[in-house]
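Below is one structure, written out as structure tokens, with a few remarks after it.
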Amino acid sequence: MASIWSMGELLVEIMRPQVGIELWETDTFRGPFPSGAPPIFIDAVARLGHPAGLIGAVGADDFGRCIVERMEADGVDCANVQAFADGSTAVAFVTYFEDGSRKFIYHIGNTPAARGELVNTDAVVDPAYFHLMGCSLMTDDGFRARIFDAMNYFHAQGAAITFDPNIRPELLGDRALEDVVGPVLDLCTILLPGVAEMELIAGQGSIERNVAHLFATRPVEIIVLKRGAKGCTVYTAGERIDIPAFHVEEVDPTGAGDFFDAGFLCGLLEGKGLRECGQMAAAAGALNAAAFGPMEGNISQETVAALIAQGGEG
């Protein structure tokens with residue numbers, strides 16, 4: 001059975017329980033929650049019923065245990081998740097504001113999160129997709145090189161390279177964006193950006209020009225543009241499909257984009273059409289946003305199908 005793989009930073013997230021509390025203020029936090037874009041994504045894939053594997057690293061500590069035990073319980077293959085005794089598991093502190101913005105403090109670069117590598121190729125069986133996130137490419141230059149090595153391995157094994165740019169300026173620093181994401185875009189066939197991210201990587205000034213530029217200059221075959229409350233738009237070279245969002249009571253948007261990615265790729269694995277894949281993606285993202293915590297949405301094949309069946313788009 002075809003599998004989906006990802007690689008990147010594993011971390012726990014420590015979260016403000018209400019909006020509007022600055023990180024510099026003395027106040028309460030909730031957590032630890034298993035987090036990191038790749039773990040959130042791949043855990044959702046496993047919960048949607050597909051073989052899923054992750055490459056990364058944690059510290060040999062309780063925070064690492066929090067992440068790995070959760071993913072293994074949900075069915076993720078963690079044979080390529082290493083635990084290092086000489087470093088602590090990565091942590092991100094996050095707070096939200098009334099306008100929907102958020103602020104992070106990361107402790108990643110000097111942790112095992114930046115030391116993962118593909119160490120057990122025997123665990124890689126029939127890979128259909130190797131999915132990467134831009135934030136993973138920005139944590140550490142050496143780690144990015146190992147991610148590129150793994151990407152080239154999966155590409156040689158016949159896996160399609162899929163990419164969510166997920167650009168975090170606080171992680172990018174003064175590095176040139178093309179140097180960080182260009183090698184992935186050179187192999188990527190399915191791209192899942194937000195509007196602002198697509199402008200950053202294409203730079204053509206409008207959505208339609210950005211789409212045309214990416215199809216003309218990269219091997220991308222499908223672009224799934226995430227538009228928040230407006231839903232998403234799926235583009236191919238000859239087709240545009242607008243898909244409305246599913247409206248739920250939003251509790252925490254962290255991880256919704258990663259659940260979205262998982263829903264879309266799982267739909268493709270199941271042979272669904274692009275509209276159905278977009279609906280699966282939108283439903284998965286909505287279910288995640290309806291729960292507090294980055295990996296806590298009530299997601300399964302049944303809950304996604306039920307939300308699509310009951311409608312609520314608009």
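The values are calculated or read from the model by the stated rules, or taken from the named source; none is laboratory data. The model shown is predicted, which means the values in this text are computed figures rather than measured ones. Cβ coordinates were reconstructed from backbone atoms using ideal geometry, including for glycine residues, and neighbour counts include every protein chain displayed.
Key figures
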item	result
Lone qualifier among Ser3, Ser101 - being among the polar types (S, T, N, Q) and closer than 27 Å to Met151 by Cα	Ser3
Count of residues meeting criterion [within 13 Å of Pro244 (Cβ to Cβ) and either exposed (fewer than 14 other Cβ atoms within 10 Å of the Cβ) or touching a strand residue (DSSP E or B) at 6+ places or on another chain (Cβ under 6 Å) (or both)] in the stretch 280-306	3
Qualifying positions in the stretch 242-264 - on the phi < 0 side of the Ramachandran plot and part of a loop (DSSP other than H, G, I, E, B)	Pro244, Ala245, His247, Val248, Glu249, Glu250, Val251, Asp252, Pro253, Thr254
Among the residues listed as Glu276, Glu199, the single one being more than 30 Å from Asp179 (Cα to Cα), among the charged types (D, E, K, R) and not in a loop (DSSP other than H, G, I, E, B)	Glu276
Qualifying positions in the stretch 106-152 - at pLDDT below 90 and more than 18 Å from the chain's Cα centre (by Cα)	His107, Gly109, Asn110, Asp141
Condition broken by Gly271, with the remaining ones in (1) of a type in the set (Gly, Ala, Ser); (2) in a helix (DSSP H, G or I); (3) at pLDDT 90 or above satisfied	(2)
Residues of the stretch 247-271 satisfying the condition of being of a type in the set (A, V, I, L, M, F, W, C) and within 26 Å of Thr95 (Cβ to Cβ)	Val248, Val251, Ala256, Phe259, Phe260, Ala262
Selection within the stretch 70-81 - closer than 15 Å to Leu11 by Cβ and surrounded by fewer than 21 Cβ atoms within 10 Å (Cβ to Cβ)	Arg70
Residue that is farthest from Gly182 (Cα to Cα), among those in the stretch 219-241 that are part of a loop (DSSP other than H, G, I, E, B) and modelled with pLDDT under 95	Gly231
Residue ID - surrounded by the fewest Cβ atoms within 10 Å (Cβ to Cβ), chosen from residues in the stretch 96-129 that are of a type in the set (Ser, Thr, Tyr) and over 19 Å from Pro51 (Cα atoms)	Ser101
Candidate set: the stretch 35-69, residues that are of a type outside the set (A, V, I, L, M, F, W, C) and farther than 17 Å from Trp5 by Cα; chosen: the one surrounded by the most Cβ atoms within 10 Å (Cβ to Cβ)	Gly64
Any hit, the stretch 78-93, residues being of a type in the set (Val, Ile, Thr) and touching a His at 6+ places or on another chain (Cβ under 7 Å)	yes
Only one of Asn210, Asn288 that is part of a helix (DSSP H, G or I), in contact (Cβ under 8 Å) with a residue 40 or more places away in the chain and over 27 Å from Phe154 (Cα atoms)	Asn288
Subset of the stretch 63-82 (residues that are in a helix (DSSP H, G or I) and either touching a Phe, Trp or Tyr at 6+ places or on another chain (Cβ under 9 Å) or touching a residue at least 12 places away in the same chain (Cβ under 8 Å) (or both))	Phe63, Gly64, Cys66, Ile67, Val68, Arg70, Met71, Asp74
The stretch 177-195 residues that are closer than 24 Å to Cys266 by Cβ, paired with ones that are among the aromatic types (Phe, Trp, Tyr) and in a helix (DSSP H, G or I) (beta carbon under 9 Å, 6 or more apart)	Val184/Phe148; Ile190/Phe264; Leu192/Phe260; Leu192/Phe264
Flag if Ile42 is under 19 Å from Leu287 (Cβ atoms), among the β-branched types (Val, Ile, Thr), modelled with pLDDT of 95 or more and in contact with a helix residue (DSSP H, G or I) (Cβ under 9 Å, 6 or more places away or on another chain)	yes
Restricting the stretch 46-62 to residues that are in contact with a Pro (Cβ under 9 Å, 6 or more places away or on another chain) and not in a loop (DSSP other than H, G, I, E, B), the residue that is farthest from Val124 (Cα to Cα)	Asp62
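Condition check ((1) touching a Pro at 6+ places or on another chain (Cβ under 6 Å); (2) closer than 23 Å to Gly134 by Cβ; (3) of a type in the set (Ser, Thr, Tyr)) across all residues:
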{"residue": "Ser35", "(1), (2), (3)": "yes, yes, yes"}
{"residue": "Asp43", "(1), (2), (3)": "no, yes, no"}
{"residue": "Val68", "(1), (2), (3)": "no, no, no"}
{"residue": "Phe84", "(1), (2), (3)": "yes, no, no"}
{"residue": "Ser88", "(1), (2), (3)": "no, no, yes"}
{"residue": "Gly100", "(1), (2), (3)": "no, yes, no"}
